[in-house]
Amino acid sequence: MSPSENPASENSSRSLHVGDWRVDPAAGQISRDGVEVKLEPKVMEVLSYLASRQGELVTRDDIERDVWKGAVISYDSITTAVIKLRRALTDDARQPKYIATVPKRGYRLIAEVTNLPGGEGREMVREDLISGSPGKRSHSLLSGPYLWTFSLTAVLAAILLFYANRFGQEEMVTASSLPSIVVVPFANLSGDPQQEFFADGMTDDVITDLSRLSNISVFSGSTSFAYRGRETQIQAIRAELGVDYVLSGTVRREGDAVRINAQLVDAKTGLQKWASRYDRRAVEVFAVQDEVTSNIVKALSIQLTSQERQRLVHSNTDNLKAYEVFQEGQRLSRTVSKESNEQAQAAYRQAIRLDPGYGRAYGALAFNLAYSYFSGWSDSPVETLDRALELAKQGVKLNESIPQTYWSLGFVYLMRKEYDNAQSAVTQAISIAPNYADGYGLLALITNNLGEPEQAIEFATKGMQLNPFYTWDYLYNMGRAFYALGRYENAIESLTRALERNENAIPVRLFLAASYVHVDRQDEAEWEIAQVQVLTPSATISHTRSTIPIQKPELMESFLADLRLAGMPE
């Protein structure tokens with residue numbers, strides 16, 4: 001059933017009653033007995049979505065798919081949205097009148113839903129809240145005000161043209177003449193969901209290996225993993241990304257045996273360029289990764305430098321158990337919360353115990369410690385940051401052939417406000433992997449903190465080109481640069497889109513609040529600060545001063561003055 005055929009989907013475009021609350025999506029608020037409560041856009045979308053399926057079980061996957069439209073979010077994003085919604089509705093999770101939790105499954109809106117008659121409700125500004133019937137998988141890949149009615153290539157081109165016009169530059173991004181490749185996530189055929197991490201790890205490692213080659217353009221992992229579970233034709237991928245080649249494969253692991261199939265397809269012709277099957281012991285998976293990369297190099301006649309040849313033969317680890325534990329840490333690290341951060345740290349420490357020479361595990365642990373410091377989760381912040389630096393340096397010492405160890409070192413240096421060292425480390429990461437989108441993203445963050453917004457825009461744009469399915473931090477850096485340039489409406493637009501991708505990103509809310517102050521949107525500025533304090537009750541001016549590493553004192557004081565006007569306590 002299409003959305004137009006689904007009467008329930010009409011709830012997303014008109015006012016309605018949920019129990020005794022009047023819900024006005026266009027105004028972004030609910031009201032009852034003369035009391036009006038404003039909801040964040042995503043919280044309102046969750047309410048509208050639940051209302052469209054009143055009485056039904058709605059899983060977390062349903063909400064992530066149909067409300068967040070496939071954007072990269074943390075596990076806590078949905079939980080936080082429901083908590084805020086319950087608070088607004090004055091609902092009690094233990095004795096619910098509106099939203100009931102179905103343990104380990106999802107949520108159910110149990111209050112009565114009544115549409116207001118005869119067009120009394122106003123049309124929503126955003127018409128893409130629900131894009132399909134509840135049981136149909138949506139392939140929407142961009143959230144925010146851009147509707148997925150054109151291919152991703154067209155949307156990306158429009159975004160880059162938009163920024164190019166605003167920057168006054170004739171050409172923001174020059175298309176590369178190098179052959180381009182995207183690695184579609186290897187499918188797990190093992191029948192065991194736990195093996196998903198094993199397949200993901202192989203995908204990620206192949207992307208890392210290919211990104212270290214200077215004569216090929218490789219799309220980032222975020223873009224690759226956007227195709228997980230999608231039955232997408234090669235021609236559709238080419239239309240979305242403009243890519244020349246697509247690498248895909250399957251992994252089947254049973255006990256100590258693993259079967260890996262891989263194929264490289266010319267996206268222009270749809271013809272197979274290379275394919276192979278590997279039946280090996282699981283501990284030989286690292287050798288298979290090397291062979292896959294080597295065969296791609298041969299199939300595409302890629303010329304390697306002597307340094308690239310050396311880097312490709314340097315493995316991360318030969319310890320399968322350490323590798324598996326590391327992948328678990330990677331999964332946990334993507335969920336931005338204090339608990340998951342601590343769990344990720346424990347996983348990385350275990351990986352290091354299993355393989356004391358695992359350089360990437362040291363770097364990952366260093367990053368998580370530095371992020372814990374940044375988020376105010378550490379009881380001993382100075383010691384935490386010192387330990388992070390020790391680990392990051394050790395990670396580079398053990399494996400200086402991959403970009404991730406240098407990236408972690410750069411992030412730690414930035415948190416320590418050692419800006420030159422931070423830039424040097426990240427520049428080295430990019431010299432190792434010219435296609436490393438996250439390297440450009442971190443350079444954008446560093447230059448923003450140095451007070452160089454034009455440079456930050458250039459780096460963020462380059463990262464977005466390499467990673468069309470970019471995460472919230474690219475938009476954050478764009479918005480933050482606009483804020484520094486005094487282009488507050490542009491900043492609000494970018495930061496709002498960043499918030500749609502990660503509602504728990506405190507820095508986004510801080511700069512959004514500061515931007516609202518400059519355009520006389522005081523209520524919204526205060527609202528953002530209130531949400532910051534819901535997410536981090538300890539958020540203060542003094543904490544922000546110590547953790548946001550802005551180099552120039554005058555820029556820091558100006559930013560903090562805006563936050564004071566927005567209502568942040570000292």
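Just so it is clear, none of the values below were taken in a lab; they were calculated from the coordinates. None of these values were measured; they are calculated from a predicted model. Because the Cβ atoms are built from the backbone with ideal geometry, glycine has one as well, and the counts that use them run over all protein chains shown.
At a glance:
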item: Computed E for Leu485/Val37 - FRET, C-beta separation, R0 30 angstrom, nearest 0.05; result: 0.30
item: Placed amide H near Ile99: partners under 5 Å, 5+ positions off or other chain; result: Ile110
item: Calculated on alpha-carbon atoms, Rg and Dmax of segment 275-430 in Å; result: 17.0, 53
item: Segment 482-535: GluC sites (Glu not before Pro) in DSSP loop, at most 12 other beta carbons within 10 Å; result: none
item: For segment 180-312, convex hull volume per residue from C-alpha positions, Å³; result: 98 Å³
item: Proximal lysines to Lys97, defined as alpha-carbon separation beneath 24 angstrom and excluding residues fewer than eight positions away on the same chain; result: Lys38, Lys42, Lys84
item: Two-site FRET efficiency, Asn215 against Arg280, from Cβ-Cβ distance with R₀ of 45 Å, rounded to 0.05; result: 0.95
item: Where labels lie 7 Å past Cα in the beta-carbon direction, separation of Val102 and Thr305 in nm; result: 5.6 nm
item: Among the listed pairs Lys69/Lys338; Lys69/Lys321; Lys268/Lys393; Lys338/Lys393, those beyond 32 Å (Cα-Cα); result: Lys69/Lys321; Lys268/Lys393
item: Using a Förster distance of 35 Å, the FRET efficiency for Glu400-Ala26 (Cβ separation, nearest 0.05); result: 0.05
item: Gain upon complete extension [Ala257, Lys417; 0.36 nm per residue less C-alpha separation]; result: 52.8 nm
item: Distance (nanometres) between label positions extended 7 Å along Cα→Cβ at Asp379 and Arg228; result: 3.4 nm
